[in-house]
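Asker: Here you go, one structure.
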Amino acid sequence: MNRQGGSYVLLIELCEGGDIVVGALGAIAFPEGFYAYVGSAMGGLKSRIDYHLREKKHPHWHIDYLLNKAQVIQVIFAQTDRRLECALAQILTKEIDAIPGFGSSDCKCKSHLYFEPREIRLKAKVVEAFAELGLGYQLRIFP
């Protein structure tokens with residue numbers, strides 16, 4: 001996975017709900033539960049995922065604000081030379097509740113962040129989205 005690009009979904013657990021200020025989006029109420037964040041890293045998938053996994057970081061992207069309060073529990077990713085984050089997001093929008101405007105300020109998607117109270121359902125929908133696009137995926141699980 002060195003410098004190859006691709007698309008990924010971070011599966012995130014937020015153990016305590018509450019309002020989080022997310023840059024220009026302002027305060028957003030995040031319920032306790034599980035989130036899926038869709039992204040792409042065409043310049044290097046490994047380095048982007050490693051960035052998201054760092055514990056302390058100055059917020060740059062919308063997701064950084066959430067990750068300062070939550071933890072990544074799994075990463076599902078596919079190495080590809082095509083930018084497919086919006087295609088994944090559009091599939092998830094049909095199935096999972098979206099956090100409007102989150103992570104999608106540079107595209108026309110409703111969102112790139114999705115909420116589901118049940119981890120198993122969220123993961124299943126993400127895997128189905130990868131399959132619908134014909135993507136073979138890999139999974140990294142964290143304690």
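Asker: Using mean Cβ contacts within 10 Å as the protection proxy, how do 27-35, 122-130 order, highest first? Don't jump to the answer; show the numbers that get you there.
Answerer: On the way: 27-35: 16.6, 122-130: 19.3.
Listed from highest to lowest mean packing, they are 122-130, 27-35.
Asker: Given an 8 Å cut-off on Cα distances and at least 6 residues of separation, report the relative contact order of the chain as a percent.
Answerer: Working: 291 pairs, mean separation 42.4, N = 143.
With pairs under 8 Å counted, the relative contact order is 30 percent.
Asker: Here's a follow-up. Report the extension gain between Arg82 and Lys46 in nm, rounded to one decimal, defined as 0.36 nm multiplied by the number of residues separating them, less their alpha carbon distance. Please report the intermediate quantities before stating the final value.
Answerer: On the way: separation 36, 0.36 × 36 = 12.96 nm, distance 1.60 nm.
Result: 11.4 nm gained on full extension.
Asker: Give me P(r) over the chain, computed from all C-alpha to C-alpha distances, binned every 10 Å, as integer percentages.
Answerer: Spelled out per bin, shortest first, that is 12, 47, 36, 5.
Asker: Please work out how much length the chain gains when fully extended from Lys94 to Ala29, using 0.36 nm per residue of separation minus the C-alpha to C-alpha distance, in nm with one decimal. Show your work: numbers first, answer last.
Answerer: On the way: separation 65, 0.36 × 65 = 23.40 nm, distance 2.14 nm.
Additional length available on full extension: 21.3 nm.
Asker: May I pose another question? Please compute the length gained on full extension between Ser105 and His58, using 0.36 nm multiplied by the number of residues separating them and subtracting their Cα-Cα distance. Numbers along the way, then the final one.
Answerer: Values: separation 47, 0.36 × 47 = 16.92 nm, distance 1.89 nm.
Full-extension gain reported as 15.0 nm.
FYI, it's all coordinate maths here, none of it is from the lab. Bear in mind that the values here come from a model prediction, so they are computed numbers and not experimental data. Backbone-built Cβ (ideal geometry, glycine too); neighbour counts: all protein chains shown.
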